[in-house]
Amino acid sequence: MAKRILAIGGSAFVGRVFSITASRDSEIELHVVNRGNFPLNLDNVKQYKCDRHDALRLARVIPDVKFDAIVDFCAYNAGEISSVCKALEGRFGQYVYFSTTSVYEPGDHGVKDESSPVVSGAGGDAVADYIAGKRRLERELAETCAQADIPYTILRPTFIYGPFNYAPRESYFIEMIARGHDVPIPSDATARFSFVYVSDVAKATLLCVGDSRAYNEIFNLSAPEPVTYGRLMSDFERCNGGPFLSHEVTVREVVEKNIPLPFPLTEDELCSGGKLAQVFDFKYTPFADGMEKTFGVFYSLYTS
């Protein structure tokens, strides 16, 4: 019997790749609800136009069937999970929530796993507010599902890369390379950071749906290879088929000139995705392979 999934969001970047992946699986029946800004137009996927904050309409629009799981890509503010659970009470068997590894306490505490300390602050700026909101929603999810006797799963991805990424991260560099612009490379950056390929995120999410090994669990989504700016530029050069126009900058220059480099410069942001890999015997895509595919998609986009 096919797994019936209701995705909330599911039309941009991670959600879109998840929807594409699910649409190709005959064992998945995917329903997607969002505001309809990005139509999916995918075979075997049913899409409903509704704002998640309109609980009454949400309860009416979604078919009166039992979903194996809700997969929530876009909850950011207090009450957004509990309101969905109330609107769809009795109509789902698991709640999968996308959080972030940014909820871990900052600082060089080594490789962070699911047992590492998490933030407890209330925010203060846009980034801190986002992180605090995600942490509040993790607690809201656990409390709401406990009251309803429904299992939950929290997924905490690290830096996600891949096609459809609208955040100017890897595409920041690929666009400059494709357009022949001078790429700034921080020569004295010492940070190491973790990535996860977007297709791996989609596949890992599907593994968690309806599997008791994922019930009431938290999983980091993070490939095992630490990446540096040096490694990143080396892969870009390989994908480019040779050197590209670039110039060295110091970390101090990056800060003083407000150069919008997308990854940490001096402080490691490393996370372990080993728990999920061990529980599900999951193999992450090697960084070189994932970035080659990503580079090709964005390069074609910027040169077309």
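Tabulated results
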read-out: Cα-based convex hull volume of the chain per residue, rounded to whole Å³; value: 140
read-out: Long-range HN-HN contacts of VAL249 with modeled amide H, under 5 Å; value: ILE185, SER187
read-out: Most to least packed among 68-76, 85-93 [average Cβ atoms within 10 Å]; value: 68-76, 85-93
read-out: Other-chain or far-sequence residues with amide H under 5 Å of GLN47's (modelled H); value: VAL32
read-out: Relative contact order (percent, whole number), the chain, Cα cutoff 8 Å, 6+ residue spacing; value: 19
read-out: Sequence-distant lysines (8 or more away, or on other chains) whose Cα lies within less than 16 Å of LYS203; value: LYS3, LYS275, LYS283
read-out: From phi via Karplus (6.51, -1.76, 1.60), per-residue ³J(HN,Hα) for the range 20-26 in Hz, x at Gly/Pro; value: 4, 4, 5, 5, 8, 9, 5
read-out: Violating pairs (Cα-Cα greater than 20 angstrom) within the set LYS46/LYS66; LYS112/LYS134; LYS257/LYS293; value: LYS257/LYS293
read-out: DSSP-defined beta bridges in the range 53-178 - what % are antiparallel, rounded to 5; value: 10
read-out: For PHE159, residues with placed amide H under 5 Å, excluding near neighbours; value: SER194, VAL196
read-out: Dimensions (Å) - the range 202-269, Cα atoms, principal axes, largest first; value: 51, 32, 17
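Only the coordinates and a few stated rules stand behind these numbers; no lab work does. This is a predicted model, so every value here is computed, not measured. Ideal geometry is used to build each Cβ from the backbone, glycine not excepted, and the neighbour counts take in all protein chains shown.
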